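The values are calculated or read from the model by the stated rules, or taken from the named source; none is laboratory data. This one's a predicted model, so the numbers in the text were calculated from it and none came from an experiment. Because the Cβ atoms are built from the backbone with ideal geometry, glycine has one as well, and the counts that use them run over all protein chains shown.
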Amino acid sequence: MKRLWRHLIVSFERDDLFFRVVFVLSGLLSGGLGIALLVFVSTHASASLLAVLFWPLAILLAAVGGLMAARCAVPAQSRLARLLDRNVPDAAGLEDGIFLIVAIYLPAVLLTLLLRFLGVRGQRKQQHA
């Protein structure tokens, strides 16, 4: 079992396909929440005082989702990729970690393994000397 885990970790570290899949799933999740919030605000709460709070939040979530989803299509050394890799926060608490594992990382691992099985590879990472 330890050999399987080591093989998977080495396989994920070899290129950036796993990070691309994680960013797509994260972008779809946050962008989807932003769009759902936009639809809700525009149909149900457009005249209420809460709409003033929800509109900027919904636009921000949709924009962040678009940026994160775009990370999968740009080269690994582009400005957008470096900006997102440097500034996207990790999970801070236990609840955030569990949510990330269940909602993002577990599907990302399965999707990455499926893509590897189909022959898709990411860009190789540069080795630091």
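Do we have any residue at all in the range 40-57 that's within 20 Å of PHE99 (Cα to Cα), in contact (Cβ under 8 Å) with a residue 12 or more places away in the chain, within 19 Å of the chain's Cα centre (by Cα) and in a helix (DSSP H, G or I)? The answer is no, given that none of the residues of the range 40-57 is within 20 Å of PHE99 (Cα to Cα), in contact (Cβ under 8 Å) with a residue 12 or more places away in the chain, within 19 Å of the chain's Cα centre (by Cα) and in a helix (DSSP H, G or I).
So, ARG124, is that one charged (D, E, K, R) and modelled with pLDDT under 80 or not? When the stated conditions are applied, ARG124 passes them.
Just so you know, in the range 13-39 the residues that are assigned to a helix (DSSP H, G or I), modelled with pLDDT under 85 and surrounded by fewer than 20 Cβ atoms within 10 Å (Cβ to Cβ) include one that is nearest to the chain's Cα centre (by Cα), and it is GLU13. Any residue at all in the range 74-97 that's more than 19 Å from the chain's Cα centre (by Cα) and modelled with pLDDT of 85 or more? No, that holds for no residue. Scanning the range 6-51 for residues that are more than 22 Å from ALA63 (Cβ to Cβ) and among the aromatic types (Phe, Trp, Tyr) returns PHE12, PHE18.
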